[in-house]
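Asker: Once you've had a glance at the structure underneath, I'll fire off some questions.
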Amino acid sequence: MRKTIITAYAISILMLVLSIVYFNLDNSNAIKTFSVDNYKEYIENETNNIFTHEINNQTEARNIAEDLFVKIYGEDVLKEKPFNVSYDRKADTWLITGTFHGNKNAVGGVANLIVTSNGEVKAIWHEK
């Protein structure tokens, strides 16, 4: 009986350790970084006056981008999911981009959004 309890306890600890390691290695929710300075061309050419609400995390950034993309480009833009989120801490600004699912010889592009954490859309465009 005692061996069974010890074995069950050891298996439980092993499962706990493995799950902690697994979730710590899963970086799919890690926020990528970017520099808003690399996108000055898009920001300078932007003429919209779009404001959204304050953005506190990558989920909110992704949801705002999805809503704007659908309003501007239509439901087909959802084929570009997952939307990738990057953050420029210095500028307190988010970059959200679609995912291109074509092969290397395919033509096309993805939707892009640059928005500050206070909700000011700096640029929104779709590559062709």
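No value in this document is a laboratory result; all are computed from the given coordinates. What you see is a predicted model, and the numbers here were worked out from it, not measured in a lab. Because the Cβ atoms are built from the backbone with ideal geometry, glycine has one as well, and the counts that use them run over all protein chains shown.
Asker: Residue separation times 0.36 nm, minus the C-alpha to C-alpha distance between LEU78 and LEU14: what's the value?
Answerer: Answer, rounded to one decimal: 19.0 nm.
Asker: I've got another one for you. Between SER35 and ASN105, how many nm apart are label points set 7 Å from Cα along the C-beta direction?
Answerer: 3.6 nm
Asker: Name the aspartates and glutamates eligible as straight-distance cross-link partners of LYS81: C-alpha to C-alpha under 18 Å, and not fewer than 8 places from it in the same chain.
Answerer: Result set, ordered by chain and number: GLU60, GLU66, ASP67, GLU127.
Asker: Something else about it: For segment 47-128, run through the GluC sites (Glu not before Pro) and keep only the ones in DSSP coil with at most 15 other Cβ atoms within 10 Å of their Cβ.
Answerer: Those satisfying the criteria are GLU54, GLU127.
Asker: Simple spin-label model, 7 Å along Cα-to-Cβ: MET1 to PHE51 in nm?
Answerer: Result: 7.1 nm between the two label points.
Asker: For the pairs LYS79/LYS128; LYS104/LYS128; LYS32/LYS71; LYS32/LYS79, note any where the Cα-Cα span goes beyond 20 Å.
Answerer: LYS32/LYS71; LYS32/LYS79
Asker: So what's the chain giving for Cα Rg divided by 2.2 N^0.38 Å, two decimals? Present the calculation step by step, with values, prior to reporting the outcome.
Answerer: Details: Rg = 20.8 Å, N = 128, 2.2 N^0.38 = 13.9 Å.
Taking N as the residue count of the chain, the ratio is 1.50.
Asker: Now, a different point. Find how much the distance from THR59 to GLU127 grows on full extension, using 0.36 nm per residue of separation minus their present alpha carbon separation; answer in nm with one decimal.
Answerer: So the chain would gain 22.2 nm between THR59 and GLU127.
Asker: Continuing with the same structure: Please give me, ordered by residue number, the trypsin sites (Lys or Arg not before Pro) of segment 62-96 that lie in loop per DSSP and have at most 14 other Cβ atoms within 10 Å.
Answerer: Values: sites: ARG62, LYS71, LYS79, ARG89, LYS90; in loops: ARG89, LYS90.
The qualifying sites are ARG89, LYS90.
Asker: So what's the angle, to the nearest 10 degrees on a 0 to 90 scale, between helix 58-73 and the longest Cα principal axis of the chain?
Answerer: Relative to the chain, helix 58-73 is tipped by roughly 40 degrees.
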